[in-house]
Amino acid sequence: MIGFCQLNIGQLSRNRFWGEDESAPRRAALCVSSLLWHGDALLLTDPCMPYEQMDELLFNRAGRRAADVTSLFFTHPHGDHTVDAARYESANLYIAPGAESDWADSPLKERLRPFPDGLLPGVRPVPLPGHTAGSAGLAFPWLNKRVLIAGDAVMTRDFFAAEAGYFNSVDFAAVADTIRGIKAAFDFVVPGHDMLIPV
C-alpha cells in the first residue's frame, strides 16, 4: 500500500473569498507539499520551503529527511511549488508527460523527466489544465479511497466549491471543467493551498 502524508497546510497571497483585492498580495504564498512512499521510493511533491526547512518539515511530519527523497514531482512551474528544487541533487525530478512546454524557461528543464509508469504502485499523473496549460496532479489509491494531489488546479476548498480559478490562471473555463472532472472522479483532493478536501 502507498504511504501518504500531507506535510503542511498552505496559504494564498490573496483570497477573493475573504473579500481581499487580488491586485496585490496580503501575505506570502505557501503551497502544499505532500509525501508518497513505497519501499525505498520516497516522492516529494511541490517543495514549498527552503531545503533546510523542508528537511525539518519532513522529519517532523514523516520521520524522513530531505536527503532521503528519491523523486520530486511538480504540478506546475510556479516558484512557490519548486522552492530549492535544484538542491535535491540525487533525486529524480518529474513532471506529467506532455507538460514540457510549461517548463521551457525553467532552470530545472534539463533535469526534468516525464513521470514514469510504475514509479510507485497505482500512482499516475493526471492532466489538470487551467491554472497553467500543463498543470497536472498525481492520482493514487489510499485507504480504499481515490485521492488526487491537485496542485493549483484546486487552490482551496472555497475555489473548489465555486469551481473557480485563481487570479493568475491562464484559462478560467478550463479550471471550471477540470474541477468538475475532479469532483466526478475522486474521493479526496489535496489542494494547492489548503488542507485535504473530501469530495
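What follows draws every value from the coordinates through simple rules; no lab data is involved. Since we're looking at a predicted model, the values are computed, not measured. Positions of Cβ are backbone-derived with ideal geometry, glycine not excepted, and every protein chain shown enters the neighbour counts.
Structural descriptor for segment 3-198: relative contact order 18 percent, calculated from alpha carbon pairs under 8 angstrom and at least 6 residues apart. A quarter of the convex hull surface defined by the alpha-carbon atoms of segment 1-98 gives 7.7 nm² as the mean projection. Where only DSSP H runs of four or more residues are counted, the chain gives -5000 deg cm²/dmol as its mean residue ellipticity at 222 nm, each run worth -39500 (n - 2.57).
Remark: segment 30-168 is approximated by an ellipsoid whose semi-axes, taken from the C-alpha gyration tensor as √(5λ), come to 21, 18, 16 Å, largest first. Round to the nearest 10 and give me the degree value, 0 to 90, for the angle of helix 51-62's Cα axis relative to the longest principal axis of the chain. On a 0 to 90 degree scale, this one is about 80.
A simple packing score, the average count of other Cβ atoms within 10 Å per residue, orders the peptides 66-79, 103-116 as 66-79, 103-116, with the highest score first. The amide H of residue 92, built 1.01 Å from its N in the peptide plane, has 71, 72 as neighbours under 5 Å, considering only residues 5 or more places off or on other chains.
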